[in-house]
Amino acid sequence: MSDLGHDPTGNHEPTNHHEPTGDRDPKPTPPGNHDRGPTSTGAPAGVPTGTPASAPGHHQASTPSTPDHHHTSSLGRDRTRTLGRERLAGRISRFDRRHRVDRTLAHAITRVTGEALGPYQSAVIRIGFAGTWLLFLLREFPHREELYGPDGPWSWDLAQQLIASNHAFTALMWADGQVWFGIVYAFAVLSSFLLMLGWRTRTMSVLFMVGVLSLQNRSIFMGDGGDNVIHLMAIYLVLTRCGQVWSLDERRERRARDARARGAWVGPDRAGPVLWTVLGLLLAAATLAGKIDGGFLGGWRTIYWGLWAVQGLWWLAGRYGRSVQPRILLDVVANLVHNAALFVIMAEACLIYATAGWYKIQGTRWQDGTAVYYPLHLDYFSPWPALSDLLSASGTLMLLVTYGTVIVQVAFPFTLFNRRVKNILLAAMITEHAVIAVVLGLPFFSLAMIAADAVFLPTSFLRRVGGWAARARGGLFSRLGRTRTLPGPRKEPPRPRTPETAETAEHPHVGFTA
């Protein structure tokens, strides 16, 4: 019965006429019945339905004499709800922590695979090392044959014995003669210039590496620390996507996108396939002639053919792919390789400074603060003797420069996670290399180290520098345009429209009017 003691016929007498015993009816009361107020019999809540409220011997004050089971059960339910909420809160907090870790990990994976990090830093590295090597080759052009050519102190026979033992790559060992040396040297100059401009950076980075390895491996005792850095970075640049900004490739892609947005037709790229085909033929000729060391399962032959095949696969996926999935997969792989190579470049720069600093600490001249004094008095490192004497005249300055150099080099790798301190030490190291370039006469070593330091420069600073360079270039071109532009014809007031003028207006002239 859903309604206790309610007679649907209108009779207000209880349906069961047994005598009340003072105890509760053993029939369980439905939940919430004690909140329903007076029942249909007129008895107050808590009084058995079989006993009238006005019956003698039954008072309202005597009803709470029995234990309040409803109150006890409500307390138990509240305690159960509280425990349930605590358990649920603990599970939610654990789930939140686990979800937070998963979300952070997913964000990191997406960032590493979804984009090539450090586009401005990689562009600065490309421009810096290609420009440094180009300036070095142009400055040493009169002495090129003594450095790397047939007239050098490191003879052809000695170089051939060394290459046979260490299996290093150099195209200069393919032929002995001034003509071949001139071709390789001009090739190195051209590849450096095109890589600095950012024209076909994927291909030019490989050719830049070929030029650097060919010259440096021919005469290994002609270089210094800067040449070693260029040697390593030339290999790392092949693995980076260093033409995303500040390059001719980026400008060509931007113009193509703008043309497609306007609805204009953009023709297929012809220079890339032609360049790829020509290089493939040259590589096949060198392989068949046995000029490249190593088999197809290892060595430089595998590296060059692998790079050539990857370039072709990239072009085929973009040109003839029926879906975007192959190109997306190649982009993910390229982003992973780029980010890994950029991390290796950063680790290499930190390793250079850390090893240099810790080795300096072991030297007695660096410990007593006089190490900087002695190079300033060597003829080889004194292009400006008066400036060297002026700097070395102060013992306090020599002490500060000596200890400051060691402190900066040792501490720099430990400050990478503190942006402000890292930027301060980075500015100090760049200033130090600039001073070394002027005072000690080592410009190319300093330029190479500054280019390596550029990987740690903030992106906001690089964008600001790029904006300054763009405005300077625009102002220069505008001034050159104003000086070279011929003055146009003097504007005349408009003539009234006549049949003669209307006829000439239908066919306007191109260029200046007569």
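The values are calculated or read from the model by the stated rules, or taken from the named source; none is laboratory data. Just so you know, these numbers come straight off a predicted model, no measurement behind them. Methodologically, a virtual Cβ is constructed for each residue, glycine included, from the backbone with ideal geometry; neighbour enumeration extends over all protein chains shown. Remember, those area values only see protein heavy atoms, side chains included, never the ligands or the DNA or RNA. Shrake-Rupley method; radii C 1.70, N 1.55, O 1.52, S 1.80 Å.
Remarks
- Percent RCO, i.e. relative contact order, over the range 308-438, from Cα pairs under 8 Å lying at least 6 residues apart: 22 percent
- Karplus-derived HN-Hα couplings along the range 419-428 (A = 6.51, B = -1.76, C = 1.60, θ = phi - 60°), whole Hz, x at Gly and Pro: 4, 5, 5, 4, 5, 5, 5, 5, 5, 5
- If the segment from Leu330 to Leu281 were pulled out straight at 0.36 nm per residue, it would be longer than the present Cα-Cα gap by 15.2 nm.
- Working from label points 7 Å from Cα in the Cα-to-Cβ sense, the Leu135 to Val337 distance is 3.1 nm.
- Most to least accessible of Thr82, Thr287 (protein chains only, probe 1.4 Å): Thr82, Thr287
- Accessible area (Å², 1.4 Å probe, nearest 10) - Tyr403: 90 Å²
- In this calculation the C-beta distance from Leu480 to Arg103 is compared with R0 = 56 Å, giving a FRET efficiency of 0.55.
- Taking label points 7 Å from Cα along the Cα-to-Cβ direction, Ser165 and Val421 give a separation of 4.5 nm.
- Charge sum, other residues only, whose C-beta stays under 15 Å from Lys291's C-beta, Lys/Arg counted +1 and Asp/Glu -1: 0
- At a probe radius of 1.4 angstrom, the accessible area of the range 229-372 per residue rounds to 61 square angstrom.
- Couplings for the range 341-358, taken from phi via the Karplus curve 6.51 cos²θ - 1.76 cosθ + 1.60 with θ = phi - 60°, read 5, 5, 5, 5, 4, 5, 5, 5, 4, 5, 5, 4, 5, 5, 5, 5, x, 6 Hz in order; Gly and Pro are left as x.
- Residues Lys360, Lys291, sorted by accessible area with the largest first, give Lys291, Lys360 [1.4 Å probe; ligands and nucleic acids excluded].
- Each residue of the range 300-316 was assigned a 3J(HN,Hα) from its phi angle through the Karplus expression (A = 6.51, B = -1.76, C = 1.60, θ = phi - 60°), giving 5, 4, 5, 5, 5, 5, x, 5, 5, 5, 5, 4, x, 5, 4, 5, 5 Hz with x at Gly and Pro.
- Linear extension gain, Arg463 paired with Arg81, 0.36 nm per residue minus alpha-carbon span: 131.7 nm
- The simple spin-label model puts a point 7 Å past each Cα toward its Cβ; for Asp258 and Arg473 those points are separated by 1.3 nm.
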